[in-house]
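Chemist: This structure is in structure tokens; I'll ask about it shortly.
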Amino acid sequence: MTRVFSGIKPTGHLTLGNYLGAMRRWAEVDQYRADALFCVVDLHALTVDHDPARVRRLSRQAATLLLASGLDPERCTLFVQSHVDEHARLSYLLECVATDGEMRRMIQYKEKAAREQRRGGSLRLSLLTYPVLMAADILAYRTDEVPVGDDQTQHVELARDLAVRFNHRYGHTFTVPRATPPAVAARVMNLQDPASKMGKSEDVGPGIVYLLDEPDVVRRKVMRAVTDSGREVVYDRESRPGVANLLEILAACSGGNPEELAGVYESYGALKKDTAEAVVEVLRPVQQRHRELCADPGYVEGVLREGARRAREMARPVVDAAYRAIGLLPSN
Ligand code: AQP
């Protein structure tokens, strides 16, 4: 059976981008067709300036929202990265296979490093090595497919390269994974700045729809989305990025196709109104289930405990094999 692994970072409140680009597909498709593992990758949240209490709170919230979005612990394994030591163990071995040049070429590193510097903070070494830890997350489970949004495909490419290199040098140990981006909404853009991704740790709140935003807040954000000059509704990502973003969000929420939807609207106002309502409807059941789960925190904790136990069982033999292959003495 195909093994699928994907994760979400507790660096901020989860967004519509996280949902349409990743979470929804995990819940609606991946957990049914594959042996799927989903992870709250909390170690990755420590790569930038962080508040410990906030990371803990956001980790719990991310796990709860993943369940609220439809992950079923009977069908998939849901766990927290730091509960399974194998991720950090394997990451060190992969650092011994990766190169400094590879790390510095990562687009997300360049963007995040620039942002941290603008904020006046110092850069953590872990921000540079983050893609190696992500490769360890993936390779520890002999993952075949990694369903991620567009922004993460370069990191999955690195995981592939490291798997191939390790296997070539030390003998076949890892499955070589591949990224599987979604057909629509692979990159939901910020409503106030359609040149930038709708990212949960960005500063521009009004352009970001959070999964737990109240319906009126969602409506206000969508109605205030920046649109492009011109009046006609056309789908063109290059020259009309604001309108294209709205059309893609509407398509992802209502099941249509952005080009066809463009032909249906005569004004930006009507497009925004329908997009806002479509987003509100998509978020409604998730928010309802989230409220129910918040009333039962013991359930969420139990799911995570059992998920970590299962994940550990899967990862340990793979990571032990990597330790032996690379030349370390077995401990027993
Ligand atoms: N805007 C987006 N459009 C489509 N997919 C997206 N994803 C994130 N933002 C968008 C996908 O969500 C999954 C989990 O993302 P992540 O938590 O690993 O963080 P990220 O990709 O770095 O996204 P963020 O939200 O922008 O976090 P920060 O701001 O902390 O870096 C991934 O599959 C991702 O592709």
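The values are calculated or read from the model by the stated rules, or taken from the named source; none is laboratory data. Every value quoted in this text rests on a predicted model; they were computed, and no experiment measured them. Backbone-built Cβ (ideal geometry, glycine too); neighbour counts: all protein chains shown.
Chemist: Would a scan of region 98-116 turn up a residue that is closer than 30 Å to Asn257 by Cα and in the same structural domain as Leu46 (by TED's automatic domain parsing)? I'd like the intermediate steps shown before the answer.
Modeler: To start, the set of residues in region 98-116 that are closer than 30 Å to Asn257 by Cα comprises 107-108.
Now drop any that are not in the same structural domain as Leu46 (by TED's automatic domain parsing), which leaves 107-108.
Looking through region 98-116, at least one residue is closer than 30 Å to Asn257 by Cα and in the same structural domain as Leu46 (by TED's automatic domain parsing).
Chemist: Looking at this structure, is Gly120 within 22 Å of Val318 (Cβ to Cβ) and surrounded by fewer than 17 Cβ atoms within 10 Å (Cβ to Cβ)? Give the derivation first.
Modeler: Values: within 22 Å of Val318 (Cβ to Cβ): no; surrounded by fewer than 17 Cβ atoms within 10 Å (Cβ to Cβ): yes.
Here the answer is no, as Gly120 does not meet what is asked.
Chemist: Checking Pro10 against (1) in a helix (DSSP H, G or I); (2) within 11 Å of the ligand (Cβ to nearest atom); (3) closer than 22 Å to Pro297 by Cβ: exactly one of these is not met. Which one?
Modeler: Answer for Pro10: the failing condition is (1).
Chemist: Could you tell me whether region 66-83 includes any residue that is surrounded by fewer than 16 Cβ atoms within 10 Å (Cβ to Cβ) and touching a residue at least 60 places away in the same chain (Cβ under 8 Å)?
Modeler: no
Chemist: Could you run through region 113-149 and say how many residues are within 11 Å of the ligand (Cβ to nearest atom) and farther than 25 Å from Phe79 by Cβ?
Modeler: Residues flagged as within 11 Å of the ligand (Cβ to nearest atom) and farther than 25 Å from Phe79 by Cβ within region 113-149 amount to 1.
Chemist: Let me ask another. Spot the failing condition for Val132; the list is (1) surrounded by 16 or more Cβ atoms within 10 Å (Cβ to Cβ); (2) within 25 Å of Trp26 (Cβ to Cβ); (3) touching a residue at least 60 places away in the same chain (Cβ under 8 Å), and only one is missed.
Modeler: Failing condition for Val132: (3).
Chemist: From the list Gly199, Gly242, Gly205, which one is closer than 30 Å to Thr47 by Cα, in contact (Cβ under 8 Å) with a residue 12 or more places away in the chain and either β-branched (Val, Ile, Thr) or within 15 Å of the ligand (Cβ to nearest atom) (or both)?
Modeler: Gly199
Chemist: Which count do you get for residues in region 30-65 that are free of Cβ contacts under 8 Å to residues at least 40 places away in the same chain and not acidic (Asp, Glu)?
Modeler: 8
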